[in-house]
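Encoded as structure tokens, the structure appears first; notes follow it.
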Amino acid sequence: MGSPHWKRLCLLLLAAFSSSLVLYGHYYATVELPAGQRVIASLLQPEPLLLAPSGTSHPAGSHRALRGSLERESFKPSSQPEERNRRQPSPCPRSVVEAAKAHPAFGELFQFATPVLMWDQHFNPKTWTRLKERHVPYGWQGLSHAAVSSTLRLLNASANRHLFDRHRFPGGCVRCAVVGNGGILNGSRQGEAIDAHDLVFRLNGAVIRGFEEDVGTKISFYGFTVNTMKNSLIAYEEYGFTRIPQAEDLKYIFIPSDVRDYIMLRSAIQGSPVPEGSDKGDDPRKYFGPEVSAEKFKLLHPDFLHYLTARFLRSELLNMQYGHLYMPSTGALMLLTALHTCDQVSAYGFITGNYEQFSDHYYEVEKKPLVFYANHDMLLEAELWRSLHQAGIMELYQR
Ligand SMILES: *[C@@H]1O[C@H](CO)[C@@H](O)[C@H](O)[C@H]1NC(C)=O
Ligand SMILES: *[C@@H]1O[C@H](CO)[C@@H](O)[C@H](O)[C@H]1NC(C)=O
């Protein structure tokens, strides 16, 4: 332990996570290093699972359960490994997997075998019993068996089991850009750099027209919840966000944050109006275009959302009165999805330390301060992006 090498490593670790320490003050863990020495590091979280199921489907009961009973069951990845997880050794100079594994703290946090997507084969009595104990978006508590099963049954295409087909990239190094909608992109002239990536993720109010130089035009994935999608159409209409992006190659990533996401997804695949619930009568084709097929849609796995929240974004907000409403932001979920599927990831338009210098979104004409929603923890997300960037696991666009 006394060798200068280990002292240096300790210092580096402490420096890299010094800011995390403020936020994660009580989560210290001792990491066993290969050489047998123990180094005190601030692991972002020491336990695999901390989002407890609530004993009741009442949101009011959830926060007590979240705080009180800590679920100790260990995380078991699904028995059907995702196709994308069968990664060949990556020919990328510095892949996400490689960089994460080389990092003491992140090496422990990332579990690349965790299923990212959910599809028909996941629906079985065992999964139903397990997930109906957890509230959305981490499970199916309070959701009808019929709504969930009828939706999942339709996700039976091989395209539903992976985000993208690796065979399409013979070079073997899939580079992804994830484009948040942050004001930092206004005047950034990053459009060309963004479009140079193999795959581009966008989300919510992703205005493109008029901002091509700053944000590019390419779009491979659009991520959303039905709630954020519809809110974006209303809130950003004045900035030109008048319809959800549509393109032949574009795939939609549903975040299952509510029963309406399952119901909308089912209607979207069937190409018919929503028959029930808060979106009743809505025609999904007006959002996703006339092309109807299961291949167009991906559904994030509730276990993946659980794993991400427990390991990467376990906010203090979870301990507060409205803890049951907390979840990572849409942007965070897209960026973490990319980090678990792509070989290299660049993040544009995500929150940075100097966010106060920029407007909320890149398309606002007059500067508006960043809105901190009560159900997200943007400062915690900012810390995570900074740490991942410093660890060389992804590249965060900053200016
Ligand atoms: C998927 O399910 C639908 C509806 O049950 C069926 O028509 C279709 O043939 C199935 N596709 C595959 C690839 O199994
Ligand atoms: C964004 O950029 C445009 C064009 O340069 C500018 O007119 C606008 O004021 C900028 N918006 C903000 C919020 O800075």
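The values are calculated or read from the model by the stated rules, or taken from the named source; none is laboratory data. Given the structure is predicted, the values throughout are model-derived calculations rather than measurements. Cβ coordinates were reconstructed from backbone atoms using ideal geometry, including for glycine residues, and neighbour counts include every protein chain displayed.
Any residue at all in the stretch 104-120 that's farther than 25 Å from Val345 by Cβ, at pLDDT 95 or above and over 17 Å from the mean Cα position of the chain (by Cα)? Spell out the reasoning first.
Pass one, the stretch 104-120, residues farther than 25 Å from Val345 by Cβ: 120.
Within this subset, residues satisfying the condition of being at pLDDT 95 or above are 120.
Those left that are additionally over 17 Å from the mean Cα position of the chain (by Cα): 120.
Among the residues of the stretch 104-120, at least one is farther than 25 Å from Val345 by Cβ, at pLDDT 95 or above and over 17 Å from the mean Cα position of the chain (by Cα), which makes the answer yes.
Being of a type in the set (Gly, Ala, Ser), buried (at least 22 other Cβ atoms within 10 Å of the Cβ), touching a residue at least 12 places away in the same chain (Cβ under 8 Å) and in contact with a helix residue (DSSP H, G or I) (Cβ under 9 Å, 6 or more places away or on another chain) narrows it down to one residue among Gly271, Gly223, Gly277; which is it? Spell out how you get there, then give the answer.
Numbers: Gly271 fails: buried (at least 22 other Cβ atoms within 10 Å of the Cβ); Gly277 fails: buried (at least 22 other Cβ atoms within 10 Å of the Cβ).
Exactly one residue qualifies, and that residue is Gly223.
Among (1) among the β-branched types (Val, Ile, Thr); (2) assigned to a helix (DSSP H, G or I); (3) under 25 Å from Gln111 (Cα atoms), which single condition is Ile253 missing?
So Ile253 meets the others, but not (2).
Can you name every residue in the stretch 325-349 that is touching a Ser or Thr at 6+ places or on another chain (Cβ under 6 Å) and either among the basic types (Lys, Arg) or under 20 Å from Arg168 (Cα atoms) (or both)?
Asp343
Being at pLDDT 95 or above and within 16 Å of ligand 2 (Cβ to nearest atom): is that true of Gly180 here? I'd like the intermediate steps shown before the answer.
On the way: at pLDDT 95 or above: yes; within 16 Å of ligand 2 (Cβ to nearest atom): yes.
When the stated conditions are applied, Gly180 passes them.
Restricting to the stretch 353-382, and then to whatever is within 16 Å of ligand 2 (Cβ to nearest atom) and among the aliphatic types (A, V, I, L, M), can you tell me which residue is farthest from Leu317 (Cα to Cα)? Don't jump to the end; show me each part of the working.
So the first thing to find is which residues in the stretch 353-382 are within 16 Å of ligand 2 (Cβ to nearest atom), and the list is 354-371.
After this cut, where a residue has to be among the aliphatic types (A, V, I, L, M) as well, the list is 365, 370-371.
Values: Val365: 32, Leu370: 18, Val371: 16 Å.
Applying the filter and picking the extreme gives Val365.
I'd like the full set of residues that are within 16 Å of ligand 1 (Cβ to nearest atom) and over 21 Å from the mean Cα position of the chain (by Cα), limited to the stretch 121-132.
So in the stretch 121-132, the residues within 16 Å of ligand 1 (Cβ to nearest atom) come out as 121-123.
Once the filter is applied, which keeps residues that are within 16 Å of ligand 1 (Cβ to nearest atom) and over 21 Å from the mean Cα position of the chain (by Cα), the stretch 121-132 yields Gln121, Phe123.
Given the options Phe169, Phe164, name the one that is farther than 29 Å from Tyr322 by Cβ, away from ligand 1 (no atom under 16 Å from the Cβ) and touching a residue at least 60 places away in the same chain (Cβ under 8 Å). Step through it out loud before you land on a result.
Details: Phe169 fails: touching a residue at least 60 places away in the same chain (Cβ under 8 Å).
Answer to the selection: Phe164.
Based on what the data block shows, is Tyr363 among the hydroxyl-bearing types (Ser, Thr, Tyr), within 17 Å of the chain's Cα centre (by Cα), more than 16 Å from ligand 1 (Cβ to nearest atom) and modelled with pLDDT of 95 or more? Even if it seems obvious, please write down each step before you answer.
Numbers: among the hydroxyl-bearing types (Ser, Thr, Tyr): yes; within 17 Å of the chain's Cα centre (by Cα): no; more than 16 Å from ligand 1 (Cβ to nearest atom): yes; modelled with pLDDT of 95 or more: yes.
So Tyr363 fails the test.
Regarding the stretch 127-140, can at least one residue be identified that is buried (at least 19 other Cβ atoms within 10 Å of the Cβ) and either within 16 Å of ligand 2 (Cβ to nearest atom) or assigned to a helix (DSSP H, G or I) (or both)? Full working, then the answer.
Filtering the stretch 127-140 for residues buried (at least 19 other Cβ atoms within 10 Å of the Cβ) gives 127, 131, 134-140.
Those still in the list that are either within 16 Å of ligand 2 (Cβ to nearest atom) or assigned to a helix (DSSP H, G or I) (or both) too: 127, 131.
Yes, there is a match, as at least one residue in the stretch 127-140 is buried (at least 19 other Cβ atoms within 10 Å of the Cβ) and either within 16 Å of ligand 2 (Cβ to nearest atom) or assigned to a helix (DSSP H, G or I) (or both).
Within the stretch 165-193, track down each residue that is in contact with a strand residue (DSSP E or B) (Cβ under 6 Å, 6 or more places away or on another chain) and in a loop (DSSP other than H, G, I, E, B).
Those that are in contact with a strand residue (DSSP E or B) (Cβ under 6 Å, 6 or more places away or on another chain) and in a loop (DSSP other than H, G, I, E, B): Asn181, Gln190.
On the basis of being exposed (fewer than 15 other Cβ atoms within 10 Å of the Cβ) and within 30 Å of Lys367 (Cα to Cα), does Arg189 make the cut? Explain how you work it out, then say what you get.
Working: exposed (fewer than 15 other Cβ atoms within 10 Å of the Cβ): yes; within 30 Å of Lys367 (Cα to Cα): yes.
Taking the combined requirement at face value, the residue satisfies it.
Quick one: count up the residues across the stretch 148-175 that are farther than 30 Å from Pro91 by Cβ and in contact with a Lys or Arg (Cβ under 8 Å, 6 or more places away or on another chain). If you could, list the steps in order and put the result at the bottom.
Keep residues of the stretch 148-175 that are farther than 30 Å from Pro91 by Cβ, which gives 148-156.
Those still in the list that are in contact with a Lys or Arg (Cβ under 8 Å, 6 or more places away or on another chain) too: 150-151, 154.
Number satisfying all stated conditions: 3.
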